[in-house]
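**Student:** Structure incoming, see below.
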Amino acid sequence: FFLFNLSSRSVLIILGIEVLSLMYFSKSVALRRATISISSVLALVILILGISLYDWIRKSGDFAPTYQDSVEVEEPFMETHRAWLIFEGLRGFRDSGGLGNGVATFRIRPTNLGSRTETHNDYLQLMYEQGVIGLFLILFLFYFRIKETIKIVSKTGNRYVEASLASLFGLVVALLFVNIINTMVFWSLIALNYSLLEIVRNQEKEKGYK
């Protein structure tokens, strides 16, 4: 109820993904089954009740005059500020030939008209500023960390590692809604994952010697 009142759809989605991933990658068979059941029930409820994810995700009253003035649109979603930012990011990525326009160039692009607004989507920001290479590197980082973490979880069932894995999935989703890749929060969670896995590996090695 509190999250809905805040209109924080992204927070609710991120928390949901983290909770479901924490349950699914647990060693408990019952929790895994519960995760599959919950996911299936949610999907069925959405389909049966006809809940519009489009209406739920879209924030009302969030318009971008600069986009409305420059482009004629028919779809209401395309009038929102986030849609304008997506349009700008994709256009900039295309115009750069997929190589990017340079670090911190999204804010100073000519069409921004002095606004300091970021893309509200770090993947899009990477595409605009650092191109295919930047996007590939961050996706590879996520893939490698998640792969290594799942290995440790499967082997040890360590609760802290399970929580770290859930936070990684949360970060993957969070980058779709916010710009946090340049913040201490993002890299602290990545560093914590590195450190935690190393600690657990060393503990397992010590157990093997005893």
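Each value in this text was obtained by applying a stated rule to the coordinates, not by laboratory testing. The structure displayed is predicted, hence computed values, not measured ones. With ideal geometry, Cβ positions are generated from the backbone for all residues, glycine too; neighbour counts draw on all protein chains shown.
**Student:** Starting from the Cα of L15, step 7 Å along the direction of its Cβ; do the same at V41; then give the gap between the two resulting points in nm.
**Tutor:** Placing both labels 7 Å along Cα→Cβ, they lie 1.8 nm apart.
**Student:** If you don't mind, there's one more thing I want to ask. Per residue Cα convex hull volume for the stretch 149-207, in cubic angstrom?
**Tutor:** Working: hull volume 3.9 nm³, N = 59.
Taking only Cα atoms, the stretch 149-207 has a hull volume of 65 Å³ per residue.
**Student:** May I ask you to derive the FRET efficiency for L90 and V29 from their Cβ-Cβ distance with R0 = 45 Å, giving the value to the nearest 0.05?
**Tutor:** It comes out at approximately 0.55.
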